[in-house]
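The values are calculated or read from the model by the stated rules, or taken from the named source; none is laboratory data. Keep in mind the model is a prediction, meaning the values are calculated, not measured. Reconstructed Cβ throughout: ideal geometry from the backbone, glycine too, with neighbour counts over all protein chains shown. In case anyone asks, the SASA skips ligands and DNA or RNA and just uses the protein heavy atoms, side chains included. Shrake-Rupley method; radii C 1.70, N 1.55, O 1.52, S 1.80 Å.
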Amino acid sequence: MNRHPKALALVGSARKHGNTSRLVDEVLRGFVELGGSAEKVYLSDYSIRHCLGCPCYVWKPKRPCIQTDDLAKLGNLMEPAQLILISTPIYWYGPSGLFKNFLDRWIGLPTSVFEKSHVAAVLTMQDTTPDTAGPTEEMLRRSFTGGAWITYEGSLLASGLHHTPDAITSHPQQLDEGYQFGRSLAEKLR
Ligand SMILES: Cc1cc2nc3c(=O)[nH]c(=O)nc-3n(C[C@H](O)[C@H](O)[C@H](O)COP(=O)(O)O)c2cc1C
């Protein structure tokens, strides 16, 4: 419990002013309004190389991940946050490659990064059939539940977003759902 929980939002779309980023803004607005603080970063601003499958998680903490890129910087930003807000557009029924490369690399981050952390997800897509996001929602749920390392707070999905980066501005109800999601997350963590 913390009167002023901190959120770190990680945007997994390369479009900085796209739908995912705009919806993340609404979630953070709700979160901050209830006393939280928030920082938002774009994964596309960081060099994130793909996981090489080295057994760094077996070596932990003696030897770090063998990739040399910006992952440690992101880990340092994640560590003080009570809420790690991940986000991605749906690409081919899954997450973006940018996001998936990042998630694969969590295995090499020090366990201290996730101590007492909660994770929640923001997803956006063009389809209006909720099933389209099903494989991604399931992947996240299965990845983050069942272990004691992190608490999963679920995902928020915005749909019917045609390819323009500002499509979500025509969906005030979905933006409001984002805002409410942020408030409920702050309420839970306070
Ligand atoms: C490579 C690519 C693949 C996509 N695949 C899907 C898909 O399988 N289902 C879907 O509903 N939308 C799909 N979309 C649409 C995006 O998910 C949607 O427009 C999203 O809101 C874009 O988010 P952004 O504005 O943050 O980039 C795809 C878009 C791209 C660029």
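Scan segment 158-190 residue by residue and report those that are in a loop (DSSP other than H, G, I, E, B) and either at pLDDT below 95 or surrounded by fewer than 16 Cβ atoms within 10 Å (Cβ to Cβ) (or both).
Selection gives GLY160, HIS162, HIS163, THR164, ASP166, ARG190.
Please indicate, with yes or no, whether at least one residue in segment 48-62 is more than 22 Å from GLY160 (Cβ to Cβ) and under 14 Å from the mean Cα position of the chain (by Cα).
no
Report, by residue number, each residue of segment 135-157 that is among the β-branched types (Val, Ile, Thr) and either loosely packed, with under 14 Cβ neighbours inside 10 Å or over 17 Å from ALA81 (Cα atoms) (or both). Don't jump to the end; show me each part of the working.
Taking segment 135-157 as the starting set, the residues that turn out to be among the β-branched types (Val, Ile, Thr) are 136, 145, 150-151.
Correct list: THR136, THR145.
Of everything in segment 91-111 that's in a helix (DSSP H, G or I), open to solvent by 30 Å² or more (accessible area, probe 1.4 Å) and at pLDDT 95 or above, which residue is farthest from the ligand (Cβ to nearest atom)?
Here the answer is ASP104.
Please verify whether ALA121 is within 15 Å of the ligand (Cβ to nearest atom) and within 17 Å of the chain's Cα centre (by Cα), treating the condition exactly as stated. Steps first, please.
Working: within 15 Å of the ligand (Cβ to nearest atom): yes; within 17 Å of the chain's Cα centre (by Cα): yes.
The answer is yes for ALA121.
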